[in-house]
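K.L.:
The structure's right below; bear with me while I get my questions together.
Just so it is clear, none of the values below were taken in a lab; they were calculated from the coordinates. Fair warning: this is a prediction, and the values are worked out from it, not measured in the lab. Using ideal geometry, Cβ is built from the backbone for each residue, glycine included, and neighbour counts are taken over all protein chains shown.
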Amino acid sequence: DAGVIQSPRHEVTEMGQEVTLRCKPISGHNSLFWYRQTMMRGLELLIYFNNNVPIDDSGMPEDRFSAKMPNASFSTLKIQPSEPRDSAVYFCASSLVGQVAAYNEQFFGPGTRLTVL
Amino acid sequence: AQSVSQHNHHVILSEAASLELGCNYSYGGTVNLFWYVQYPGQHLQLLLKYFSGDPLVKGIKGFEAEFIKSKFSFNLRKPSVQWSDTAEYFCAVFSPSGGSYIPTFGRGTSLIVHP
């Protein structure tokens, strides 16, 4: 298995532009997580999906951020409009969550390093 | 809401020294506990995990962690560190919320091992 795939790996954009980050989870996994990592705030959970349905988006900073999971093999995180404070590394992770939550190990992608000028 | 505290933000050791990184969480019920490692420029990888059973868990690369329920702790240990252990270490807790399990990560501990 190729693991969790994220694209692009690096993104440099200007303030006000729309940014779309993409994630392909591990085949067969039923949960997907988006995280943001910064020096100041560490690793923050933004949103996660179970069976393609958003379960908790309380970590999404504001309305400029949106995430979708149209099918089990693809998810996007969109920032519109982007701001310099959005600069961070964004990680996607996937997991197989059983009914007794015995499979909560998350597999992380390589991350997307976003720089907003 | 669940919180996870990693008390050591930066640790500097010499090779062969012993390591213990603290992790405390706030939820008092059933939790799943994890330690992840992030080597420079790489993504997070699982070191070890605890779901139930023996509270002393052994992971990869000689790491182990002990779950002490009464102290809400899950400290990471290694008897003798190597230069290659230089990395960021994250404690994570999955706890129930709204019919599912929610992950909460600690802020991380940066470990530098001098050769």
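K.L.:
Using Cα centres only, tell me the gap between the range B:28-92 and the range A:17-43 in whole Å.
P.N.:
22 Å
K.L.:
Normalise the Debye intensity by I(0) for the protein assembly as shown, one equal point scatterer per Cα, no solvent, then take log10 at q = 0.17 Å⁻¹ and round to two decimals.
P.N.:
With one equal scatterer per Cα and no solvent, log10 I(q)/I(0) is -1.27.
K.L.:
May I pose another question? I'd like to know which of B:SER110, B:ALA92, B:ALA65 lies farthest towards the positive end of the charge dipole of the range B:57-115, counting +1 on Cβ of Lys and Arg and -1 on Cβ of Asp and Glu.
P.N.:
Result: B:ALA65.
K.L.:
Still on this model: Cut-off is 10 Å between beta-carbons; in what order do A:TYR35, B:TYR50 appear when sorted fewest neighbours first?
P.N.:
B:TYR50, A:TYR35
K.L.:
Additional query: Give me the inter-chain shielding for B:12-21: mean count of other chain Cβ atoms within 10 Å, whole number please.
P.N.:
0
K.L.:
Could you give the spread of the C-alpha atoms of chain A along their three principal axes, from largest to smallest, in whole angstroms?
P.N.:
43, 28, 28
K.L.:
Could you tally the net charge around A:GLY42, taking each other residue with its Cβ under 15 Å from the Cβ of A:GLY42, Lys/Arg +1 and Asp/Glu -1?
P.N.:
+1
K.L.:
Within a 10 angstrom radius of each residue's Cβ in A:23-35, how many Cβ atoms of other chains show up on average? Whole number is fine.
P.N.:
Mean inter-chain Cβ contacts per residue within 10 Å come to 1.
K.L.:
In what sequence do A:SER94, B:SER110 fall when counting other Cβ within 10 Å, fewest first?
P.N.:
B:SER110, A:SER94
K.L.:
Lys and Arg at +1, Asp and Glu at -1: add these up for the other residues within a Cβ distance under 15 Å of B:THR86 and post the number.
P.N.:
-1
K.L.:
Of all beta bridges DSSP finds with both residues in chain A, what is the antiparallel percent, to the nearest 5?
P.N.:
For chain A, the DSSP antiparallel bridge percentage is about 90.
K.L.:
Additional query: Under a 10 Å cutoff between Cα atoms, tell me which one of A:ASN104, A:ASN51, A:ASN30 has the largest fluctuation in the Gaussian network model of chain A.
P.N.:
Judging by the Gaussian network model, the answer is A:ASN104.
K.L.:
OK, next. What percent antiparallel are the DSSP beta bridges of chain B, to the nearest 5?
P.N.:
Counting only bridges with both partners in chain B, antiparallel ones make up about 90 percent.
K.L.:
Got a sec? How would B:PHE90, B:PHE51 order by Cβ neighbour count within 10 Å, fewest to most?
P.N.:
Lowest count first: B:PHE51, B:PHE90.
K.L.:
Starting from the Cα of A:LYS78, step 7 Å toward the Cβ, then list every residue of the range A:1-22 with an amide N under 12 Å from that point.
P.N.:
Flagged as within label range: A:18-21.
K.L.:
Moving on to the next point. Peptide B:104-112: average number of partner chain Cβ atoms within 10 Å per residue?
P.N.:
2
K.L.:
Turning to a different aspect of this structure: Report Rg(Cα)/(2.2 N^0.38 Å) for the range B:1-108, keeping two decimals.
P.N.:
The reported ratio for this selection is 1.04.
K.L.:
Determine the dipole magnitude for chain A: charges of +1 sit on the beta-carbon of Lys and Arg, -1 on that of Asp and Glu, nothing else is charged, the reference point is the Cα centre, and the result goes in debye to the nearest 20.
P.N.:
200 debye
K.L.:
Then there is this: Which longest uninterrupted range of chain A lacks any GluC sites (Glu not before Pro) assigned by DSSP to a loop state (not H, G, I, E or B) and surrounded by at most 13 other Cβ atoms within 10 Å?
P.N.:
The reported range is A:63-117.
K.L.:
Using the crude model of +1 on Lys and Arg Cβ and -1 on Asp and Glu Cβ, and no other charge, please compute the dipole size for chain B relative to its Cα centre, in debye to 20.
P.N.:
Approximately 200 debye in magnitude.
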